[in-house]
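First comes the structure, then the notes that go with it.
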Amino acid sequence: MKVNLLCGKETINLELPDSVQLIENKPAKALAEPAAAVRDALLHPIGTAPLKEIALGRKNACIVISDITRPVPNKIILPPLLQTLEESGITSENITILIATGMHRPNLGDELESMVGKDIMDNYRIVNHYCQNEEEYREITKIEGAPIEINTHYLDADLKILTGLIEPHFYAGFSGSRKSILPGISSFQTMKFMHSYKVIDQLQEANCRLENNIFHQYAMEVAEIAGVDFILNVVINQERELAGVFGGHHDLAHQAGCELVSNHAVAFLEEKVDLVITSAGGYPLDATFYQVSKCLIAARDILKENGTILVACGCEEGLGSEEFCTIMRSNPTPVHFDKHHGNPDNFVIDQWCAQNIYQALDHAGKIFIYSPGLSKEDVDRFQGIKILDCQATVNDLLKSHAKVAVIPDGPYVVGKIAESQR
């Protein structure tokens, strides 16, 4: 069996025995006319009036878009959306496009142009969310005593629109809709609560699950308070082609999209495996090791305790932010991480994805990492095992691991153990 692991902007070709369980997306047919599908979603939305009617009489609008780490086809979905608003009387000067960076870096220059296209970049006001700029957010409520603070560009808009991609998410169950607000345009203090050690520790096997999901529940509560007039969310297939467009009510339209994702992105296994071979999803998602936490948690959820994970990740920007680098370089074991970051007083930005990485390290016996962008020194520091040849390492591991699964698309597909086997 031949499989290709996404790794940065390249692929790793592997030869595997047919006995290896292949976990992959079920084929999702690309929409024949993507632009027409977007226009139809705006005209015939789920659970709301058409956007054109909702926009009538509104003075201005804020459209939230995802940042560079999400492969959202903005060049397809934004033009019909912007045209609809302008036809409803909202001029381009009164439209703000707000990039939901969460706590990621801003998207500027050529990077921004690659996201939205030159025409939109040159003719609309585009603002990056900066979570630590106190002038750009205000408190709208509290949850468990924690301040919930949201970007004022969004809060003060007369018309509030969320766009984004619906895909499996290891905290929220599925990305999209309410997640554009929390964490997308929330303050550092809010994220300090939502991504606290305590909250993350409660999220077990949350991938592709909304029920009994505390992260989803909190995000929905915030979305209701902040207000959402319309969402335009999409689903893409393995080739990153548009496979579904869902416009309308922030919950009803989102649920419809989640159902499509579940149908093609969830695979059931009869039992847990000894070895998981996976990918971090390729560029742009695997630009840093920070984002690799997603595929490691997906691998952990189908892995026997003390099993083995092999992951391919490009990491062309290295480990990640300065804060994340410090965490990964100063905590050699899960015990060290838990002891320090389990204390709320020691909370730092990006610790939540580090927490997931240490959870995977604690569960697995060994994690082998193929990554052109990571140094052996950095991998050694958190007790990963850096490899230079995927095929040779896999061949060696196959000698001692009987039950093996491979996930070529990493976090874009979720393996779950069949209920009858729990």
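The values are calculated or read from the model by the stated rules, or taken from the named source; none is laboratory data. Because the structure is a prediction, the values reported are computed rather than measured. For neighbour counting, all protein chains shown are included, and Cβ atoms are generated from backbone atoms with ideal geometry for every residue, glycine included.
Okay, residues lined up against (1) in contact with a Phe, Trp or Tyr (Cβ under 7 Å, 6 or more places away or on another chain); (2) under 27 Å from Leu56 (Cα atoms); (3) surrounded by 20 or more Cβ atoms within 10 Å (Cβ to Cβ):
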{"site": "Glu93", "(1), (2), (3)": "no, yes, no"}
{"site": "Asn123", "(1), (2), (3)": "no, yes, no"}
{"site": "Cys131", "(1), (2), (3)": "yes, no, yes"}
{"site": "Thr141", "(1), (2), (3)": "no, no, no"}
Residues located in region 266-313, provided they are more than 24 Å from Asp396 (Cβ to Cβ) and either of a type in the set (Val, Ile, Thr) or assigned to a strand (DSSP E or B) (or both): Val266, Ala267, Phe268, Thr288, Ile297
Candidates Leu361, Leu319, filtered to the one that is over 30 Å from Val228 (Cα atoms), under 21 Å from the mean Cα position of the chain (by Cα) and not in a helix (DSSP H, G or I): Leu319
Count of region 68-92 residues which are at pLDDT 95 or above and either polar (S, T, N, Q) or in contact with a Lys or Arg (Cβ under 9 Å, 6 or more places away or on another chain) (or both): 12
Extreme residue, nearest to the chain's Cα centre (by Cα), among residues of region 87-119 that are within 17 Å of Leu162 (Cα to Cα) and either among the basic types (Lys, Arg) or in a helix (DSSP H, G or I) (or both): Met115
Lone unmet requirement of (1) touching a Cys at 6+ places or on another chain (Cβ under 9 Å); (2) of a type outside the set (A, V, I, L, M, F, W, C); (3) closer than 21 Å to Leu14 by Cα; (4) surrounded by 16 or more Cβ atoms within 10 Å (Cβ to Cβ) for Lys416: (3)
Residue in region 10-33 that is among the basic types (Lys, Arg), surrounded by fewer than 18 Cβ atoms within 10 Å (Cβ to Cβ) and out of contact with any strand residue (DSSP E or B) (no Cβ under 9 Å at 6 or more places or on another chain) present: no
Residues being assigned to a helix (DSSP H, G or I) and surrounded by fewer than 21 Cβ atoms within 10 Å (Cβ to Cβ) - total across region 205-219: 2
Search result, residues across region 34-52 that are buried (at least 18 other Cβ atoms within 10 Å of the Cβ) and small (Gly, Ala, Ser): Ala37, Ala41
Qualifying residue in region 282-298 (condition: of a type outside the set (Ser, Thr, Tyr), modelled with pLDDT of 95 or more and over 15 Å from the mean Cα position of the chain (by Cα)): no
Region 185-204 - residue that is in contact with a helix residue (DSSP H, G or I) (Cβ under 9 Å, 6 or more places away or on another chain) and assigned to a loop (DSSP other than H, G, I, E, B) and, of those, nearest to Phe246 (Cα to Cα): Ile185
Complete set of residues in region 207-232 that are within 19 Å of Val266 (Cα to Cα) and touching a helix residue (DSSP H, G or I) at 6+ places or on another chain (Cβ under 7 Å): Asn207, Cys208, Leu210
Residue tally, condition modelled with pLDDT of 95 or more, among the charged types (D, E, K, R) and assigned to a helix (DSSP H, G or I), over region 381-422: 2
The lone exception for Asp156 - which of (1) under 24 Å from Gly247 (Cα atoms); (2) crowded, with 16+ Cβ neighbours inside 10 Å; (3) not hydrophobic (A, V, I, L, M, F, W, C) it fails: (2)
Qualifying residue in region 372-380 (condition: in a helix (DSSP H, G or I), free of Cβ contacts under 8 Å to residues at least 40 places away in the same chain and under 17 Å from Cys295 (Cα atoms)): yes
In region 50-78, residue nearest to the chain's Cα centre (by Cα) [restricted to those that are without any contact (Cβ under 8 Å) to a residue 40 or more places away in the chain and assigned to a loop (DSSP other than H, G, I, E, B)]: Pro50
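Take Lys179 and decide whether it is buried (at least 18 other Cβ atoms within 10 Å of the Cβ) and either in a strand (DSSP E or B) or in contact (Cβ under 8 Å) with a residue 40 or more places away in the chain (or both).
On the way: buried (at least 18 other Cβ atoms within 10 Å of the Cβ): yes; either in a strand (DSSP E or B) or in contact (Cβ under 8 Å) with a residue 40 or more places away in the chain (or both): yes.
Here the answer is yes, as Lys179 does meet what is asked.
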